[in-house]
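Here's the structure we're looking at; comments come further down.
The values are calculated or read from the model by the stated rules, or taken from the named source; none is laboratory data. Treat the numbers as computed from the prediction; the structure is a model and nothing was measured. Heads up, the Cβs are rebuilt from the backbone with ideal geometry, glycines too, and the neighbour counts pull from every protein chain shown. For the accessible areas, the whole protein counts, side chains as well, though only heavy atoms, and no ligand, DNA or RNA atoms are used. Shrake-Rupley method; radii C 1.70, N 1.55, O 1.52, S 1.80 Å.
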Amino acid sequence: MGSVFSPYYAWAGRKDPDDHVCINVALYSPKGARWAMTERGHEQLTRDAQLFQVGPSDLSWSDEDGLTLNFDEVSIPYPPNDFLPSRLRGTVKLKPHFVTDTVFELDDKERHRWWPIAPSSRIEVKFDGPQKSNWPQPDWAGEGYLDCNWGMEPIEDAFAYWNWARGESADGTTTLIYDTYLKSGRNDMLALSYGHKGELSHFDPPAKSSLGKGFWGVQRLGHHDAGHRPKLVRSYEDGPFYTRNVVDTHLNGAPVRMMHESLSGDRIGQQWVKLLLPWRMPRRARF
């Protein structure tokens, strides 16, 4: 709702977040990827304490079953594997092992917040589409994660840059890193560790090393114990202001594979970037 990435919301003056809503679904495979992020208007929004529905897709929550996402979207063309839109339909069920109660302030003015709701979860994924012979069966079950971000101003007003990462060690410990570079010149890092039952501990900010810049020049920093440089395993998204990656590293004395993102607030604030975003984020206000 009122997505920080939405150019339409920015161009409308960020006055009505209910009129700028979407559900983003990304599917990655060794043989290709699918991406759906269609923005819709308030006429297609239904929400209450347990349900968030946008057009044909919805998220629902219950204390017994956790989070369920039912999605029925049309993915954008995603070269080099696919040059035509395709249907992306399925269900994701996420059952937290525990739910946290700590919300973190991300900036010095306390205008941006992050809640790692379920750092460790069981997840089941079922896709009804795409149906293509060159795609492996995409249904799977395994490790999941759920968090939430919200703020009271555009993201580019507070952040020049950040790196985020999440991974689970062999012993079941979940590690989270949120490394922010603020427009005020301050650099803060949250280094968090969650045990099996949700017990939270903070550890000293680890060392960080470059993972190399993405194609569009976005810098990527990986965090690690001293003497253990991180390794970029795969890049899933590489855009003008954002990258999503898999990184192998070493933290708190143990090897860990992490989902990793780098985001440039400086880039998001530039008009040339906003003009590119409708390609990845089309808008259908009434259907």
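Here are a few things to note about the model shown:
- Test: residue in the stretch 221-228 that is under 22 Å from Pro116 (Cα atoms) and modelled with pLDDT under 95: no
- Note on the stretch 249-266: residues that are open to solvent by 50 Å² or more (accessible area, probe 1.4 Å) and either of a type in the set (D, E, K, R) or within 16 Å of Ser210 (Cα to Cα) (or both) total 3.
- Test: Asp18 is under 15 Å from Arg283 (Cβ atoms), charged (D, E, K, R) and either part of a loop (DSSP other than H, G, I, E, B) or free of Cβ contacts under 8 Å to residues at least 60 places away in the same chain (or both): yes
- Subset of the stretch 109-133 that is more than 16 Å from Phe71 (Cβ to Cβ) and more than 18 Å from the chain's Cα centre (by Cα) - its residue that is modelled with the lowest pLDDT: Ser133
- Residue ID - nearest to Glu237 (Cα to Cα), chosen from residues in the stretch 30-58 that are surrounded by fewer than 17 Cβ atoms within 10 Å (Cβ to Cβ) and of a type in the set (A, V, I, L, M): Ala33
- Selection of the stretch 193-231 for residues being hydrophobic (A, V, I, L, M, F, W, C) and open to solvent by less than 80 Å² (accessible area, probe 1.4 Å) yields Leu200, Phe203, Ala207, Leu211, Val218, Leu221.
- Scan of the stretch 46-82 for residues that are of a type outside the set (Gly, Ala, Ser) and in contact (Cβ under 8 Å) with a residue 40 or more places away in the chain, ordered by number: Leu67, Leu69, Phe71, Glu73, Ile76, Tyr78, Asn81, Asp82
- Number of the exception - Leu27 against (1) outside any loop (DSSP other than H, G, I, E, B); (2) open to solvent by 20 Å² or more (accessible area, probe 1.4 Å): (2)
- In the stretch 138-155, the residues that are over 19 Å from Thr174 (Cα atoms) form no Cβ pair under 6 Å with any partner that is of a type in the set (Asp, Glu), whether six or more places apart or across chains.
- Residues of the stretch 88-118 satisfying the condition of being out of contact with any Pro (no Cβ under 7 Å at 6 or more places or on another chain), assigned to a loop (DSSP other than H, G, I, E, B) and touching a residue at least 24 places away in the same chain (Cβ under 8 Å): His97, Phe98, Val99, Thr102, Leu106, Asp107, Asp108, Lys109, Arg111
- Set Leu176, Leu182, Leu146: member being touching a helix residue (DSSP H, G or I) at 6+ places or on another chain (Cβ under 9 Å) and of a type outside the set (Phe, Trp, Tyr): Leu182
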